[in-house]
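Values in this text are rule-based calculations from the coordinates and carry no lab data. Values in this document were obtained by computation on a predicted structure and should not be read as measured data. Note that each Cβ is placed from the backbone with ideal geometry, even for glycine, and that neighbours are counted across all protein chains shown.
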Amino acid sequence: MSRARGESKVLYFISRSIKENLIDRGIQDRITVINSGLKGFERQNILRDCDMSYRVAQEGIQFLIPYMTKRIFTASIDDFHKCVRTGLIKFDGFSESFRKVLEPLEPGSFVVVLEGYEKDIVKKMFVVMWRCRGVAMNCLVAKVEMEAIIAKLRALGYVGKESRELDILNSGDQDKHEEGECMD
């Protein structure tokens with residue numbers, strides 16, 4: 001569903017009851033609908049390097065995953081963790097096997113799934129990414145959700161290199177940690 005006629009900015013996933021009781025009856029023409037579903041796709045404004053008019057939205061990814069057959073890639077826990085960050089993410093920080101998957105991609109959105117969670121939609125271990133020109137990408141996930149994903153990774157027992165370095169810096173015992181002399 002879209003909120004406007006013609007080419008919409010956002011395409012929403014709506015429940016069957018919303019469709020049958022609101023849309024099919026034409027009620028949306030008589031009232032202003034503020035929110036009726038989850039964002040599934042957002043219009044892509046930069047079309048010069050991309051053939052896609054819309055990009056996948058993180059908000060509704062769990063509903064799209066079962067139907068996606070292209071531009072969805074599985075990543076190891078290390079590579080998945082490296083995807084969950086703001087700003088430009090260079091390919092050279094990833095494992096060679098994951099880089100080989102990313103490099104031939106055309107610019108546009110794609111989804112990275114944590115290895116072992118491909119079919120586990122409830123845990124929502126998916127991130128929407130944007131393949132940029134060159135050898136880089138961006139994570140299209142809100143910071144709040146990034147923090148939640150990192151918390152889920154920690155709950156799984158994963159502590160990335162960046163997290164360990166941050167813990168060392170915050171503890172004030174950096175020199176002892178580097179030399180392996182710090183005892184708890």
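A simple spin-label model places pseudo-atoms 7 Å from Cα toward Cβ; at residue 78 and residue 120 they are separated by 2.1 nm. Close amide H pairs (under 5 Å, H built 1.01 Å from N) link residue 116 with no residue at least 5 positions away or on another chain.
Placing R0 at 35 angstrom, the Cβ-Cβ distance between residue 17 and residue 99 gives a FRET efficiency of 0.20 after rounding to 0.05. Taking 14 Å as the cut-off, the amide N atoms of the stretch 68-110 that come nearer than this to a point 7 Å along the Cα-to-beta-carbon line of residue 135 belong to 89-105. Solvent-free Debye calculation, one equal scatterer per alpha-carbon of the stretch 87-145: log10 I(q)/I(0) at 0.26 Å⁻¹ equals -1.18. Here r is the Cβ-Cβ distance between residue 68 and residue 30 and R0 is 35 Å; the resulting FRET efficiency, rounded to 0.05, is 0.45. Here residue 39 is the anchor, and the lysines within straight C-alpha reach of less than 22 Å, apart from those fewer than 8 places off in the same chain, are 9, 19, 70, 119, 123, 124, 143.
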